[in-house]
1. If a residue must be farther than 16 Å from Met19 by Cα, of a type in the set (A, V, I, L, M, F, W, C) and either within 20 Å of the chain's Cα centre (by Cα) or surrounded by 10 or more Cβ atoms within 10 Å (Cβ to Cβ) (or both), how many such residues does region 58-72 contain?
2. Is region 37-57 home to any residue that is outside any helix (DSSP H, G or I) and open to solvent by 70 Å² or more (accessible area, probe 1.4 Å)?
3. Does Arg16 meet the test of being surrounded by 14 or more Cβ atoms within 10 Å (Cβ to Cβ) and modelled with pLDDT of 95 or more?
Amino acid sequence: MSDALDVKPVEELSFREAMAELDGIVGVLESNTLELEDSLASYERGVALLRALQGRLAEAQQKVDVLMGELAPEADDEARDTSLS
């Protein structure tokens with residue numbers, strides 16, 4: 001992993017940048033080439049990236065749901081099933 005001074009805060013990364021960095025971290029961790037301390041630091045950064053990405057995806061999904069709700073036509077009283085059967 002690069003020096004801590006070179007690493008941008010997670011919230012300043014674009015979605016694509018965060019995904020690329022996370023992918024790189026996974027690759028390095030899977031290679032088993034880091035010292036324990038570096039592995040832990042990389043893992044911690046990866047967890048922070050994953051949380052941020054999941055949050056952004058949840059926000060995007062919420063926006064899509066809202067937009068889709070705005071596009072769905074309202075059913076009028078005649079089309080709406082009001083029976084209890």
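1. Within region 58-72, residues that are farther than 16 Å from Met19 by Cα, of a type in the set (A, V, I, L, M, F, W, C) and either within 20 Å of the chain's Cα centre (by Cα) or surrounded by 10 or more Cβ atoms within 10 Å (Cβ to Cβ) (or both) number 3.
2. First, the residues of region 37-57 that are outside any helix (DSSP H, G or I): none.
Checked against the condition, which is being outside any helix (DSSP H, G or I) and open to solvent by 70 Å² or more (accessible area, probe 1.4 Å), region 37-57 yields no hits at all.
3. Numbers: surrounded by 14 or more Cβ atoms within 10 Å (Cβ to Cβ): no; modelled with pLDDT of 95 or more: yes.
Answer is no for this residue.
The values are calculated or read from the model by the stated rules, or taken from the named source; none is laboratory data. Computed from a predicted structure; not experimentally measured. Glycine also receives a Cβ, built like all others from the backbone with ideal geometry; neighbour counts cover every protein chain displayed. Accessible surface areas use protein heavy atoms only, side chains included; no ligands, DNA or RNA. Shrake-Rupley method; radii C 1.70, N 1.55, O 1.52, S 1.80 Å.
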